[in-house]
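K.L.:
So that we are looking at the same thing, I have put the structure below in C-alpha cells.
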Amino acid sequence: MPIKLYGNQHEILRKTKPTPVVFNKRIPNQLPAIVSALKPFKSKLATVAVESTYNWYWLVDGLMAQGYPVVLANPAAIDQYDGIKDANDLTDAAFLAHLARLDILPTGYIYPKEERPVRDLLRRRTLLVRQRTATKLSLQNMFVRQAALNINWRKIRKLTQGQRADLLGDNDCLLFVAESQIELIEVFNKRILQFEAKVLEHAELRPEYELLLSIPGVGLILALTIMLETGTIDRFKKVGDFTSYCRCVRAKKQSNGKSKGSNNSKNGNPHLAWAFVEVVHHAIRRSPQAKKFYDRKKSKRNGALATKALGAKWSKGAYYVMKRQEPFDLKRLFS
C-alpha cells in the first residue's frame, strides 16, 4: 500500500516552488501498519484518498473508524498522462495525492457499511444465475454438436436418460457429461432460490421498492437490484447523472462536430446497467408503448442501440419514481 503525503495547502498557495513531499513509502496491506504510518500526520490531513479497487472495504472502514477524512477515488474517471515513462504504485499514489491537493479528485460513493452485505449477497445471486446460464448453454451446444438438435433446457430436462443416450450416441462419456450438467443446473436452481430468500430476509425494503414494482418489466429481483445498487437517490443531483451511472448513455468523444472515438463506457455501475437491460427485455413484451418505441429505434439503427435507448428512458422513469416517491407514469415518460 503506497502512501504519499504533501505539505500544507495554504503554504502551497504562497510559494512558487514545487510542493514538498513529506512522506513517501510502501506500507504492507495491514490496517495497523497503515494507521501507524498516518498517525503523525493525522491532525494536518485534509483528505485520505483510497483507490476504489475490488478490496477497498477493510481499508476505508478501518480508516473511517479511526476518524480519518477518507474519500474513495474513482479510477474509471481518472485519466493519467499516457506519456509518463515510469508508472508504478508510488507514482499512482502521488497522482491521487496531487489531484486531492488541487481539489479535482473524482470520487465515488462509499456505500453504507451496514447495507453492504445484503447488496453483495444479491450480487452473488446474479453470479450464480450467470454460471447456471453458462452451464445450460454448454449442455444445449453438446446436443447441437452430437445430434444436430437445437433443443432448449426445458425439453432436455424432460427427456429420460435412455432418450438422452440415444441422441448423444454410444459413447458413455457424453452421457456422463450431460447427466452431470443437469444435476449441476438443479443445484444452481436450489441455491439461487436460497439466495433470494436470504436477501428478502435481510433487506430493508424502503418505500421506493414497492414503487419500483409499478414499472413495466420490473419484478422482485430487479426492484431489489435497482434499490440496493442505487443506495440513496439524493446523491444524484440530476436525472442525467443517474442515467449515466446506469451506463444508459453513449460515451462519445467529439471535436468540432466530428466524432473522435469513444470515451470510457465502463464508467458507472455494471449491475444497474445489467438490470435495465433485463427490464427492457421484459418491458417490450408487456408494454405496447415500450414495444413501439423499441421497434422504431431498431428499424433506424439496431437492436442493441434500441435496447440502450429504451433502457435510458426506463432509468429516467426509475429516477423520478425514487426521487418523487410516486408510482411510475408511462404517459409522462412517452409524452
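The values are calculated or read from the model by the stated rules, or taken from the named source; none is laboratory data. All values derive from a computational prediction rather than experimental measurement. With ideal geometry, Cβ positions are generated from the backbone for all residues, glycine too; neighbour counts draw on all protein chains shown.
K.L.:
Quick one: how many residues across segment 28-63 are over 26 Å from the mean Cα position of the chain (by Cα) and in a helix (DSSP H, G or I)?
P.N.:
So the count comes out to 14.
K.L.:
Suppose we filter ASP86, ASP92, ASP79, ASP103 for residues that are assigned to a helix (DSSP H, G or I) and either loosely packed, with under 14 Cβ neighbours inside 10 Å or not assigned by TED's automatic domain parsing to the domain that holds LEU228 (or both); which single one remains?
P.N.:
Of the residues listed, the single one that is assigned to a helix (DSSP H, G or I) and either loosely packed, with under 14 Cβ neighbours inside 10 Å or not assigned by TED's automatic domain parsing to the domain that holds LEU228 (or both) is ASP92.
K.L.:
Filter segment 208-237 down to residues that are in a loop (DSSP other than H, G, I, E, B), touching a helix residue (DSSP H, G or I) at 6+ places or on another chain (Cβ under 9 Å) and more than 20 Å from ARG116 (Cβ to Cβ), then give me how many there are.
P.N.:
Qualifying residue count, segment 208-237: 7.
Listed here are the residues, each with its yes/no results for (1) out of contact with any Phe, Trp or Tyr (no Cβ under 6 Å at 6 or more places or on another chain); (2) of a type in the set (Gly, Ala, Ser); (3) in contact (Cβ under 8 Å) with a residue 24 or more places away in the chain; (4) crowded, with 16+ Cβ neighbours inside 10 Å.
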| site | (1), (2), (3), (4) |
| --- | --- |
| ALA273 | yes, yes, yes, yes |
| GLU278 | yes, no, yes, yes |
| ASP295 | yes, no, no, no |
| GLY303 | yes, yes, no, no |
| SER315 | no, yes, yes, yes |
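K.L.:
Related question: Under 9 Å by Cβ, and 6 or more places apart or on different chains, what pairs join a residue from segment 236-264 that is on the phi < 0 side of the Ramachandran plot and of a type in the set (Ser, Thr, Tyr) with one that is outside any loop (DSSP other than H, G, I, E, B) and modelled with pLDDT under 90?
P.N.:
Pairs that qualify, where the first residue is on the phi < 0 side of the Ramachandran plot and of a type in the set (Ser, Thr, Tyr) and the partner is outside any loop (DSSP other than H, G, I, E, B) and modelled with pLDDT under 90, are SER259/LYS252; SER259/LYS253; SER262/LYS252; SER262/LYS253.
K.L.:
With of a type in the set (D, E, K, R) and at pLDDT below 90 as the only criterion, which of GLU204, GLU179 stands out?
P.N.:
One residue alone meets the criteria, GLU204.
K.L.:
While we're here: What number of residues within segment 133-175 satisfy the criterion of being touching a Leu at 6+ places or on another chain (Cβ under 8 Å) and within 30 Å of PHE195 (Cβ to Cβ)?
P.N.:
Going through segment 133-175 one residue at a time, the tally reaches 8.
K.L.:
Ok, one more. Using the structure shown, decide if LYS25 is in a strand (DSSP E or B), modelled with pLDDT under 95 and not hydrophobic (A, V, I, L, M, F, W, C).
P.N.:
yes
K.L.:
Which members of segment 113-134 meet the condition of being surrounded by 14 or more Cβ atoms within 10 Å (Cβ to Cβ) and either touching a strand residue (DSSP E or B) at 6+ places or on another chain (Cβ under 6 Å) or acidic (Asp, Glu) (or both)?
P.N.:
GLU115
K.L.:
Looking only at segment 179-207, count how many residues are part of a loop (DSSP other than H, G, I, E, B) and under 20 Å from the mean Cα position of the chain (by Cα).
P.N.:
So the count comes out to 1.
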